[in-house]
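Take a look at the structure below.
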Amino acid sequence: MSMNRRSLIKVVAAGGALMGLGLLMPRMAMAAWAKEAFEAKEQNTAIKSLYGDAELTESAEVILDAPDIAENGAVVPVTVSTGMANVESMSIFIENNPSPLAAQFIIPEGTAADVSTRVRMGKTTNVTAVVKADGKLYSATKEVKVTIGGCGG
């Protein structure tokens, strides 16, 4: 009986160590992190860094839901969805923020392409959603007016 208990403890301890390793090194556990795109200071640079030279096409199939007026730029709700087939990723850009790429979501195959988050906006600017589906880029843009800045404004 004690031998079984000892074996169980070893297995649990080994599993815990592996889990702890993942917690201590989160960057290693993450898939490709788009560091260059997130550190870009201009929206066009961030888009090019993330998607290369692919052409961006405005599409009514990309549904961008954000408020017309954000009373507090520190917490602006943004939702992006689409009914397009084969969606690979969705990204949210805040044009005049110090770092325009606010979020990137990788959409697993067979998953509904519908994401929501809250972003910070320092001032009134355009919010752009980019959807990559079937290797092509589609977008929607909306101006959001900010009354109290959230990025140090």
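Every residue, every condition in (1) in a strand (DSSP E or B); (2) closer than 23 Å to LYS48 by Cα, yes or no:
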residue	(1), (2)
GLY73	no, no
MET84	no, yes
ILE92	yes, yes
ASN96	no, yes
ALA103	yes, yes
THR111	no, no
ASN126	yes, yes
Practice item. Taking the residues in region 98-153 that are charged (D, E, K, R) and surrounded by 15 or more Cβ atoms within 10 Å (Cβ to Cβ) as candidates, determine which candidate is farthest from VAL62 (Cα to Cα). Key: LYS123
Review point. Which members of region 51-69 meet the condition of being of a type in the set (Asp, Glu) and out of contact with any Ser or Thr (no Cβ under 7 Å at 6 or more places or on another chain)?
Key: ASP53, GLU55, ASP68
Study note, to complete from the structure: PHE38 meets each of (1) assigned to a helix (DSSP H, G or I); (2) at pLDDT below 55 with one exception, condition (2)
Check your understanding: Does VAL87 qualify as being in contact with a Lys or Arg (Cβ under 8 Å, 6 or more places away or on another chain) and surrounded by fewer than 19 Cβ atoms within 10 Å (Cβ to Cβ)?
Key -> no
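The values are calculated or read from the model by the stated rules, or taken from the named source; none is laboratory data. This one's a predicted model, so the numbers in the text were calculated from it and none came from an experiment. No Cβ is skipped: glycine too gets one built from the backbone with ideal geometry, and neighbour counts run over all protein chains shown.
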